[in-house]
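I have placed the structure first, in the form of structure tokens, so that the comments after it can refer back to it.
Any read-out appearing in this document is the output of simple, stated calculations on the displayed coordinates, not a laboratory observation. If you're wondering where the values come from, they're calculated on a predicted model, not measured in any experiment. Cβ placement follows ideal geometry from the backbone for every residue including glycine, while neighbour counts extend to all protein chains displayed.
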Amino acid sequence: MAEARAPVLMSVGYPSPTASLPTTRARSPSGGSAETFVLVALILQVIGAVFLFLGIALLFGVSIFHPYPFAVVAVVAGATIAVTALVFLYAAYEFSYRRIQQGEYQQAKTPTLVIGILSLFLGIIPGIFYLIGYIKLDDAIREQQGYGGGVAPGYGPAFSPTAQAACLGCGRLYPIGQVSFCPACGRKLGG
């Protein structure tokens, strides 16, 4: 059975509160670019890993049908390289790409640089994309800090025209981000 709720009466001076704003990721334009560059690097690394696995499978098949000296050593070395490639892909996804997706640019910065440098030795093109992503992360961090609180203009609810904060003293409403203290009474605005 549904409970009956009493209507909320609001005066003309205090309009009804707006519905809850949808939550969006705090994303700067450079953050989106960094995410794209790191994603391209990951895709190129996955393609390289697939070719690596095919080469190891071919090596394993040749060693079974045409045994040669040190075949076991070659297969073990190939398997070790394959496992290392998988761990590297996981680390790149988890510590770089996923953090960028979540808007944690500062936390993704160092792993992206390390992965970019290591990728230069393993495959030049993915390494270049990681390093470009690293540079874009610097830009994204600056954009987050420059727009006070993590969201660039036009991105997210902080700059929505319907988002308002009420003065804790007199109750007047002001758009969020316009002022921190009430011009009428001087008290801090609540969110």
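Quick notes on this structure:
- Residue-count net charge about Tyr174 - beta-carbon cut-off 15 Å; Lys, Arg +1, Asp, Glu -1: +3
- Among 105-113, 173-181, 40-48, sorting by the average number of other beta carbon atoms lying within 10 angstrom of each residue, highest first, gives 105-113, 40-48, 173-181.
- Positive-pole candidate from Val83, Leu58, Gly31, dipole of region 29-146, charges at beta carbon: Leu58
- Taken one residue at a time, the phi angles of region 127-136 give Karplus couplings (6.51, -1.76, 1.60, θ = phi - 60°) of x, 5, 5, 5, 5, 5, x, 4, 5, 5 Hz. Gly and Pro are set to x.
- Table column - 3J(HN,Hα) (Hz), region 110-118, Karplus curve with 6.51, -1.76, 1.60, x for Gly and Pro: 5, x, 5, 5, 5, 5, x, 5, 5
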